[in-house]
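Engineer: Attaching a single structure in structure tokens format; questions to follow.
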Amino acid sequence: MNSQHLERLSSPEWADMLQRDLLPWVTSAADLGDDVLEVGPGPGLTTDLLRVRTKHLTAVEVDQDLAEKLHGRLAGSNVEVIHGNAARTHFASGRFSAVACFSVLHHIPSADEQDQVFAEILRVLRPGAAFVGADGLDDERIRAAHIDDVFVPVDPDQLPDRLGRIGFADVNVERDDYQFRFCARKP
């Protein structure tokens with residue numbers, strides 16, 4: 001993630017937007033339950049929102065520096081931070097009551113790797129549990145924020161079919177001016 005992008009995702013303005021716009025949608029879309037997995041927490045502003053809504057939160061972060069900083073900041077809390085790849089976790093099948101993934105899918109280097117992450121999420125979810133997420137739309141403003149950064153946007157119109165082929169059910173996608181939100185369930 002480039003430094004400008006990381007700075008934005010660590011800002012008070014981003015935290016306010018998450019609290020105002022994202023959190024109400026998440027809590028209306030699904031019951032997170034007692035053991036939640038967050039994929040790609042980055043600097044952890046979404047982690048801060050999720051951790052007060054569940055008994056235990058596991059955050060998987062591929063960037064070692066971000067994972068170490070988040071681990072240090074949340075040591076002694078109900079959050080376990082793991083440096084690793086969300087496409088290949090070692091969690092038990094059916095462990096998690098929900099999985100959340102916010103503004104990270106476009107940082108996964110290819111559609112095939114995104115699908116690997118989706119398949120792993122399906123594997124670790126409990127039956128009936130929700131996968132909730134949000135990601136940016138593909139537009140010039142968002143592309144400009146990803147100069148010298150991985151940017152592989154997910155087409156929200158194709159997401160229901162992609163998740164359905166992997167095995168998810170009840171896929172719902174909503175979009176607004178700059179992002180889309182989704183909720184899918186493990187049958």
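Just so you know, all these numbers are worked out from the coordinates, no wet-lab data involved. Note that the coordinates shown come from a computational prediction; the quantities given were computed from them, not determined experimentally. Backbone-built Cβ (ideal geometry, glycine too); neighbour counts: all protein chains shown.
Engineer: Of all DSSP beta bridges located in the chain, what percent are antiparallel, nearest 5?
Structural biologist: Working: 12 of 32 bridges.
Percentage antiparallel, nearest 5: 40.
Engineer: Still on this structure, please answer the following. Run the numbers for VAL152 and ARG73: contour at 0.36 nm per residue of separation, minus the present Cα-Cα distance, in nm.
Structural biologist: Working: separation 79, 0.36 × 79 = 28.44 nm, distance 2.95 nm.
Full extension of this stretch gives 25.5 nm more.
Engineer: May I pose another question? Here are labelled values, (i) 16; (ii) 8; (iii) 42, and one is the computed percent of Cα pairs over 31 Å apart for what I pasted. Which one?
Structural biologist: Of the listed options (i) 16; (ii) 8; (iii) 42, (ii) comes from this structure.
Engineer: How much length is gained on full extension from MET17 to ASP31, taking 0.36 nm per residue of separation minus their Cα-Cα distance?
Structural biologist: Details: separation 14, 0.36 × 14 = 5.04 nm, distance 2.10 nm.
Extending this stretch completely gives an extra 2.9 nm.
Engineer: Something else now. How high is the relative contact order of the chain, in percent, counting Cα pairs under 8 Å that sit 6 or more residues apart?
Structural biologist: 20 percent
Engineer: Add +1 for every Lys or Arg and -1 for every Asp or Glu among the other residues with Cβ under 15 Å from the Cβ of MET17, and state the total.
Structural biologist: Numbers: positive: ARG8, ARG20, ARG141, ARG181; negative: GLU7, GLU13, ASP16, ASP21, ASP48, ASP135, ASP176, ASP177.
Value of the local net charge: -4.
Engineer: For the charge dipole of the chain, defined by +1 on Lys and Arg C-beta atoms and -1 on Asp and Glu C-beta atoms about the Cα centroid, which residue among PHE102, HIS146, THR47 has the Cα displaced farthest towards the positive pole?
Structural biologist: THR47
Engineer: Find the centroid of the Cα atoms in segment 1-47 and in segment 60-132, then give the distance between the two in whole Å.
Structural biologist: The two parts, judged by their Cα centres, are 13 Å apart.
Engineer: Between LEU6 and HIS56, what FRET efficiency follows from the Cβ-Cβ distance if R0 is 25 Å, with the result rounded to 0.05? Intermediate results must be reported in sequence, preceding the final value.
Structural biologist: Details: r = 27 Å, r/R0 = 1.06.
Once rounded, the FRET efficiency stands at 0.40.
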